[in-house]
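The values are calculated or read from the model by the stated rules, or taken from the named source; none is laboratory data. Keep in mind the model is a prediction, meaning the values are calculated, not measured. Cβ sites come from the backbone with ideal geometry, for glycine too, and all protein chains shown count toward neighbours.
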Amino acid sequence: MLSRVAERIYWLARYLERAEDTSRLILVRHNVILDLPRSVQPDWELLLRVLGAREHFADRPGAASEKNIMSFVFSDRDNPSSIMSSLTNARENMRTSREVLPSETWERVNSLYLSVARRANKGLPRASRHSVLNTIVQSTQQISGMLAGTMNHDASYQFLQMGRYLERADMTTRIIDVASEVLDDPDEDVRPYQNVMWVSALQSLSAYQMYRLSVGNNVRPPDALQFLLRSGEFPRALSHCLLQLEAAVKLLPRGKESLKAVQSVHRKVKRTNCAELEGEALEKFLDSIQVRLQGVHEVIEQTWFTPEQ
């Protein structure tokens, strides 16, 4: 298999997952508007921080208002982390790899891209935000299902799996970061609403029902954090993503270094006491996981995509 084809498939999966999970991130923040009083809501710049896009946004004209930030993370083609940019890149990677991918999935990706492109100029007002973002989430899940059900589970599919689960692991930590933001406020008025953010985070990850089935208790921050970080059964939990990433790497040649990098991240997650993670400690832990996941990507890139370097 050509390294350039493997790289395109890997990035196709990453960009599709990024579009889906950025939609989920915005939904977390949108649900806070409905569930929390104005006095305890985090500002919209939180989205820029967890996406690592504050400096890029600062170069644009205009204030950090809800409308401008929504436009930036949803439809700005100059923002590499926007939903529009992610779908543009996913479409291009699929277009140039159509010989190894099911034709039905190309039609679905192209349709999703065109739908969001038509919507881009209209913005993302509150009235239609939930519907538009849910449509993107459902469409990307349909594409993932089509790929799983109609594609040979050969080397190409393992690169798809690696891209999907590496991106999902990173974005899950960012969604947790949004949920934990309110917990940093020591104000007594905030405490009654702490659980609301975690319910919103679980719902945005389609995890609320599975959390209740697995944990059995009402939503409590330590339990929700433990579930989203350590569950090996829930598909969007960090540990599950790392297990799937390990499984994909094991099926590819020359994967020894990549496997070591993934297992190193997983050991750190398993050894961490989630009950002690709150406030600044949680933020530092999530930042360290994101740095380690970037390291995993670099090893994957050096092993399979640019081996001559």
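Can you name every residue in the range 222-232 that is surrounded by fewer than 16 Cβ atoms within 10 Å (Cβ to Cβ) and either under 12 Å from K270 (Cβ atoms) or modelled with pLDDT of 95 or more (or both)?
Narrowing the range 222-232 to residues surrounded by fewer than 16 Cβ atoms within 10 Å (Cβ to Cβ): 222, 232.
Selection gives G232 alone.
Can you give me the number of residues within the range 96-126 that are surrounded by 15 or more Cβ atoms within 10 Å (Cβ to Cβ) and either touching a Gly at 6+ places or on another chain (Cβ under 7 Å) or among the charged types (D, E, K, R) (or both)? Residues in the range 96-126 being surrounded by 15 or more Cβ atoms within 10 Å (Cβ to Cβ) and either touching a Gly at 6+ places or on another chain (Cβ under 7 Å) or among the charged types (D, E, K, R) (or both): 2 in total.
A single member of S75, S71, S81 is among the small types (G, A, S), within 20 Å of W11 (Cβ to Cβ) and surrounded by 15 or more Cβ atoms within 10 Å (Cβ to Cβ), and it is S81. Here D170 qualifies as among the acidic types (D, E), assigned to a helix (DSSP H, G or I), closer than 21 Å to L25 by Cα and at pLDDT 90 or above. Among the numbered conditions (1) within 18 Å of the chain's Cα centre (by Cα); (2) modelled with pLDDT under 90, the only one that P61 does not meet is (1). For the range 251-262, the candidate set comprises residues that are of a type outside the set (A, V, I, L, M, F, W, C) and surrounded by 15 or more Cβ atoms within 10 Å (Cβ to Cβ); within that set, the residue that is nearest to the chain's Cα centre (by Cα) is S258.
Does A275 satisfy the condition of being out of contact with any helix residue (DSSP H, G or I) (no Cβ under 9 Å at 6 or more places or on another chain), at pLDDT below 95 and either small (G, A, S) or buried (at least 19 other Cβ atoms within 10 Å of the Cβ) (or both)? No. Within the range 92-123, the set of residues being within 24 Å of the chain's Cα centre (by Cα) and of a type in the set (A, V, I, L, M) comprises M94, L101, V109, L112, L114, V116, A117, A120.
Residue under question is L183, and the condition is that it be at pLDDT below 85, in a helix (DSSP H, G or I) and either buried (at least 21 other Cβ atoms within 10 Å of the Cβ) or in contact with a Pro (Cβ under 7 Å, 6 or more places away or on another chain) (or both); does it hold? Yes: the conditions hold for L183.
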